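Reviewing the structure listed below.
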Amino acid sequence: GLRYMARTLALTPGMADSNNTVFSLLMAREADIGEVLRFGLPEEPGAARRFLSYLIQQNEPEPAEAVWKWITARGFADTRSTTEFSNFLFSKKRFGEAAEAWASGEGKGSPGYRQSEYIFDGDFQREPVEGAIFDWRLAPSNAVKVGRECEKSSACAAKIQFDGSENVEFRWLSEVTVLPAGAYRFHASVKTEGITTDQGLEFRVADGESASRLNAVSEMLTGTSDWRDVEMDFTVAQGTKFVEVSAVRHA
């Protein structure tokens, strides 16, 4: 019976309703999820990704985790499935597992990610994945433009441009990361031009749940300067589940 369902999925790749009917039957029967994966899915990425999405929508974390392992073992993970699954785990407060899921998918192309470097795409080599917890959030406002700027294919940066029309409170260049307890160093290369107000730009590394546990802030950047390094050391305590790294400008 499971093999017939796998055949149905293979023959109906673009029929979402049909696929969801099969998925509901797979989950309604008393078959072990291991048997479902062994016999009930065709050996191709599309059906597995759709099954993962279905399980996430149905709020089934354990079966979804089994399907994710099946997907990654076969190299079937793509950006959408990685984003969906890591965000799902994060919403369940399984922060470390969420970070590892992101690393096993999108993080494969970033050498050293979650080993010696805990910021994903720290050199802005790619467009951020919209809605991904563990990628950059570049959110402009009416008075601030935020985006990537590349002089060459290997030399990219995030650019924040204030138009001066508002006294803005800005914190919309940010990324979430999960850090094991210990000592860390934040490092950024920064160039400024024409920041004339008393409130410039600074970097902030803060506990994502409570700033009382961690709230490290860099020197404030004002005026005009060529590229230079900004660094700060900080310590993550055992109680910190995840941190948010952001560029901040106070009103």
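The values are calculated or read from the model by the stated rules, or taken from the named source; none is laboratory data. Remember, predicted model here, so these are calculated numbers, not experimental data. Neighbour counts are summed over all protein chains in view; Cβ atoms, including those assigned to glycine, are modelled from backbone coordinates with ideal geometry. With ligands, DNA and RNA removed, areas are computed over all heavy atoms of the protein, side chains included. Shrake-Rupley method; radii C 1.70, N 1.55, O 1.52, S 1.80 Å.
Quick check on this structure: which one of L221, L179 is open to solvent by less than 30 Å² (accessible area, probe 1.4 Å) and farther than 22 Å from F134 by Cα? Break it down stepwise before answering.
On the way: L179 fails: farther than 22 Å from F134 by Cα.
Only one candidate passes the filter, namely L221.
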Next on the checklist: Out of P128, P111, I need the residue that is touching a strand residue (DSSP E or B) at 6+ places or on another chain (Cβ under 8 Å) and within 30 Å of V205 (Cα to Cα). Which one?
Outcome noted: P128
Checklist outcome for this item: When A211 is run through (1) out of contact with any strand residue (DSSP E or B) (no Cβ under 6 Å at 6 or more places or on another chain); (2) over 18 Å from E175 (Cβ atoms), the failure sits at (2)
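Name every residue in segment 108-128 that is modelled with pLDDT of 90 or more, open to solvent by 30 Å² or more (accessible area, probe 1.4 Å) and in a loop (DSSP other than H, G, I, E, B), in order of residue number.
Scanning segment 108-128 gives R114, Q115, S116, Y118, I119, G122, D123, Q125, R126, E127, P128.
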Next on the checklist: Among the residues of segment 152-169, what is the count of those that are open to solvent by 20 Å² or more (accessible area, probe 1.4 Å) and assigned to a loop (DSSP other than H, G, I, E, B)?
Outcome noted: 8
Next on the checklist: Every residue in segment 131-157 that is in contact with a strand residue (DSSP E or B) (Cβ under 9 Å, 6 or more places away or on another chain), touching a residue at least 40 places away in the same chain (Cβ under 8 Å) and of a type in the set (A, V, I, L, M, F, W, C), please.
Outcome noted: I133, F134
Next on the checklist: Being hydrophobic (A, V, I, L, M, F, W, C) and modelled with pLDDT under 90 is the requirement here; does A143 meet it?
Outcome noted: yes
Checklist outcome for this item: Note on segment 187-205: residues assigned to a strand (DSSP E or B), open to solvent by 70 Å² or more (accessible area, probe 1.4 Å) and free of Cβ contacts under 8 Å to residues at least 40 places away in the same chain are K191, E193
Checklist outcome for this item: Across (1) exposed (fewer than 15 other Cβ atoms within 10 Å of the Cβ); (2) in a strand (DSSP E or B); (3) not aliphatic (A, V, I, L, M), W172 clears everything bar (1)
Checklist entry - Which one of the conditions (1) open to solvent by 20 Å² or more (accessible area, probe 1.4 Å); (2) touching a residue at least 60 places away in the same chain (Cβ under 8 Å); (3) not in a strand (DSSP E or B) does E244 fail to meet, given that it meets all the rest? => result (3)
